């Protein structure tokens, strides 16, 4: 179903959602850094820049408690986090590269173990995607088969119009419910033309060829060459919309504390450090190889999907300028 | 609207040419096993660290305003597979050279193992998220505004190029430190709490730092867990204080930690504040000469003892 909403009415919609007690998460500039964050007023939304971190944290936060413990006399009292308390959420202004990553993540979080923390937030969230009208030369969504107008992952999808306002298309029941609950804010027709979409920056990579090469080249000197400069931080994984590794630790004191889950990254030396002292990925090229293998082979083997949406964030933030788009393109020509 | 003046980087063409010729010469004569330098990559205006081991790779070396990295990190214990022995060449800006001098003082490097290609430098970008950015008074790295080593000395080779006189730039660190010093402790604490809350524990600051060469960082230890590992207030604060303290008297101000922080935490402010304390207490500046023991590793009777009450 196609509708239109004016700039002003979108703000009214956000205000009404906030007033109704929903958590509204949208791009917002927090002391200079754009991030997807809960809004306290619609005016805080700032759609100009791609947020520095992806939208995955609406479902998979940087850090969360999974239980708490307390010593009471000779017993230990455990309290679970109650996912029923996760708020109903509307995630607004999600770029196609971020929205498309969410169905990709669904696969792993509902696979052998149903991750209630992720899935409950996911169930309670309506995703309002936004067609992309600006790109830079780190962007490569087209390389992995997506585009500035990909609607994958969106319940409702907005396409900006010249002079303000948006075309709204619904792609799920959640999207339709959002429109029908606030139907007075939407209109059926408009004469405004959509804004030109962001420039497509790359040819589509032959991901089948990439995978075929990865299938046969776990051992290859190519890995040493591309990863010799990698310093082994987690910046690429932490800004990535699709990376989803996490660590679980207990923090607190003897009497009470929390069990917590927080983002982890395969670039870290510690990531595969065994209790025995052995580290099967003892050198950085082995760790970087895992990053590429996981995105373009293992995830495909397991879920028939690619664990990369071409947002380009890892390229922008890499301290040493490692460019995953160049790497995938090079592999596709091997 | 643009009130910011473009800065003169015209010398970088000649610097690039000179680096290439020299790197090719020392590689082909077998003087060094490799030259650590910068080369362009796919994105317009980009530069990334490379390890050139032959003349073909040496011919691709560049120097531009996007050559931000402190390449000294590749000569530390953290990167054992690069400097395997023998003599190695490295392209260094004046600020990077200070880190190498510090590492020599800490017995991490020997001068005779290095072939230093010094870079006359007008300044580099503060951020390379968009590497095609023009170098202006607004985009220049804050460290360059307070630079005293545009023309490095004590190298094995320096292109004979004169750095054009740079306009007087506002010292952003000194101004910001003065602003923070004027706050009450509670206000200052609240400022840093807000900054540390942004940390996601990606450790990019640690991994690019030439002085963070501990083979196992205190913050990675879990037998016992010394510092909470999750990105929450206690662990974040502990990490950033450990970092600042561990770098006091050592950090030479390359500001790589601050440049690479994906959350824009002004990390070099802590380092500059520590450097200021060292200057005031011991009249010491790191990175100026190879010293086995800095003021925090030694005792002199004239040291300030007013803290003993």
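FYI, it's all coordinate maths here, none of it is from the lab. Values in this document were obtained by computation on a predicted structure and should not be read as measured data. Counting neighbours? That spans all protein chains shown, and the Cβs are built from the backbone with ideal geometry, glycine included.
Test of understanding: in a Gaussian network model of chain A with alpha carbons linked when under 10 Å, which of A:189, A:133, A:309 would top the mean-square fluctuation ranking?
A:189
Would you mind getting me the FRET efficiency between residue A:298 and residue B:216? Use the beta-carbon distance for r and R0 = 35 Å, nearest 0.05.
Computed FRET efficiency for residue A:298 and residue B:216 comes out at 0.80.
Which whole number of Å³ per residue matches the convex hull of the alpha-carbon atoms in segment B:63-209?
Roughly 152 Å³ of hull volume per residue.
What angle, in degrees between 0 and 90 and rounded to the nearest 10, separates the Cα long axis of helix B:267-282 from the longest principal axis of the Cα atoms of chain B?
Value to nearest ten degrees: 80.
Within 10 Å of each Cβ in peptide B:194-200, how many partner chain Cβ atoms are there on average? Round it to a whole number, please.
3
How big is the C-alpha Rg of chain B next to the rule-of-thumb value 2.2 N^0.38 Å, as a ratio?
1.02
Report the Cα centroid-to-centroid distance between segment A:121-170 and segment B:255-282 in angstrom, as an integer.
That distance is 39 Å.
How do A:255, A:174 rank when sorted from fewest to most other Cβ atoms within 10 Å of their own Cβ?
A:255, A:174
In nm, give the distance between the simple-model label positions of residue A:333 and residue A:113, each being 7 Å from the Cα along the Cα-to-Cβ direction.
4.2 nm
Quick one, can you get me the convex hull of the C-alpha atoms of segment A:86-136 expressed as volume per residue in Å³?
Normalising the Cα hull of segment A:86-136 by residue number yields 74 Å³.
What ranking of B:215, A:254, B:146 emerges when the number of other C-beta atoms within 10 Å of each C-beta is taken as an exposure proxy, fewest first?
In order of increasing Cβ crowding within 10 Å: A:254, B:215, B:146.
Could you tell me whether segment A:217-289 comes out rounded, prolate or oblate from its Cα gyration tensor? Rule is a ≥ b ≥ c as square roots of the eigenvalues, rounded for a/c under 1.5, then prolate if a/b exceeds b/c, otherwise oblate.
It is prolate, given that a/c is not under 1.5 and a/b is the larger ratio.
How large is the helix-only mean residue ellipticity at 222 nm for chain A, computed as the sum of -39500 (n - 2.57) over DSSP H runs with n ≥ 4, divided by its residue count, in deg cm²/dmol to the nearest 500?
Rounded to the nearest 500, the figure is -7500 deg cm²/dmol.
If you line up the long axis of helix B:172-181 against the longest principal axis of chain B, both from Cα atoms, how many degrees apart are they, to the nearest 10?
0 degrees
Quick check: pseudo-label points 7 Å beyond the Cα along Cα→Cβ at residue A:248 and residue A:282, how many nm apart are they?
Placing both labels 7 Å beyond Cα along the Cβ direction yields 3.0 nm.
Of all the Cα-Cα pairs you can form in segment A:1-144, what percent are over 17 Å apart?
Cα-Cα pairs in segment A:1-144 separated by more than 17 Å: 67 percent.
Can you tell me the orientation of helix B:185-197 relative to chain B, as the angle in degrees between its alpha-carbon axis and the longest Cα principal axis, to the nearest 10?
Tilt of helix B:185-197: around 50 degrees.
So, R0 is 56 Å and r is the distance between the beta-carbons of residue B:31 and residue B:188; what FRET efficiency does that work out to, to 0.05?
0.65
What distance in nm separates the simple spin-label points at residue B:59 and residue A:192, each placed 7 Å from Cα in the Cβ direction?
Distance between label points: 5.5 nm.
With r defined as the distance between the Cβ atoms of residue B:17 and residue B:174 and R0 fixed at 30 Å, what FRET efficiency is calculated, to the nearest 0.05?
Computed FRET efficiency for residue B:17 and residue B:174 comes out at 0.25.
Could you tell me which of rounded, prolate or oblate describes the protein assembly as shown, using a ≥ b ≥ c as the square roots of the eigenvalues of the alpha-carbon gyration tensor, with rounded for a/c under 1.5 and, failing that, prolate when a/b is larger than b/c and oblate otherwise? Please report the intermediate quantities before stating the final value.
Working: a/c = 1.60, a/b = 1.40, b/c = 1.15.
Because a/c hits 1.5 or more and a/b exceeds b/c, the protein assembly as shown counts as prolate.
From largest to smallest, what semi-axes in whole angstrom does segment B:172-297 give when each is the square root of 5 times an eigenvalue of its alpha carbon gyration tensor?
So the equivalent ellipsoid measures 23, 20, 13 Å along its semi-axes.
Hey, what's the Kirkwood Rh for segment A:2-332 if you take every pair of different alpha carbons, in angstrom? Mind dumping the intermediate values first?
On the way: mean 1/r = 0.0467 Å⁻¹.
For segment A:2-332, inverting the mean 1/r across all distinct Cα pairs yields 21.4 Å.
In Å and whole numbers, how far do the C-alpha atoms of segment A:183-333 stretch along each principal axis, longest first?
That works out to 67, 52, 31 Å along the principal axes.
Among the DSSP beta bridges whose two residues both lie in the protein assembly as shown, what percent are antiparallel, rounded to the nearest 5?
So the antiparallel bridges amount to about 70 percent of the total.
Stokes-Einstein D for segment B:11-145 at 4 °C, 1.567 mPa s, Kirkwood Rh over Cα pairs, in µm²/s? Before the final figure, lay out the partial values.
On the way: Rh = 15.1 Å.
The diffusion coefficient I find is 86 µm²/s.
Going by how many other Cβ atoms sit within 10 Å of their own, how do B:38, A:69, B:115 line up, fewest first? Intermediate results must be reported in sequence, preceding the final value.
Values: B:38 26, A:69 16, B:115 19.
Starting with the residue having the fewest Cβ neighbours, the order is A:69, B:115, B:38.
Once a ≥ b ≥ c are taken as the square roots of the eigenvalues of the Cα gyration tensor of segment A:98-211, is the result rounded (a/c under 1.5), prolate (a/b larger than b/c) or oblate (a/b not larger than b/c)?
In terms of gyration-tensor shape, oblate.
Which residue fluctuates the most in chain A, going by a Gaussian network model with Cα springs under 10 Å, if the choices are A:177, A:98, A:250?
In the Gaussian network model the winner is A:250.
Per residue of chain B, what 222 nm ellipticity follows from adding -39500 (n - 2.57) for every DSSP H run with n ≥ 4, rounded to the nearest 500?
The helix-only estimate for chain B comes to -10000 deg cm²/dmol at 222 nm.
Pick out which of B:169, B:296, B:288 has the largest mean-square fluctuation in a Gaussian network model of chain B, springs linking Cα atoms closer than 10 Å.
Sorting by GNM fluctuation, first place goes to B:296.
Take the alpha-carbon centre of segment B:61-98, take the same for segment A:1-63, and report the distance between them in whole Å.
Cα centres, segment B:61-98 to segment A:1-63: 42 Å.
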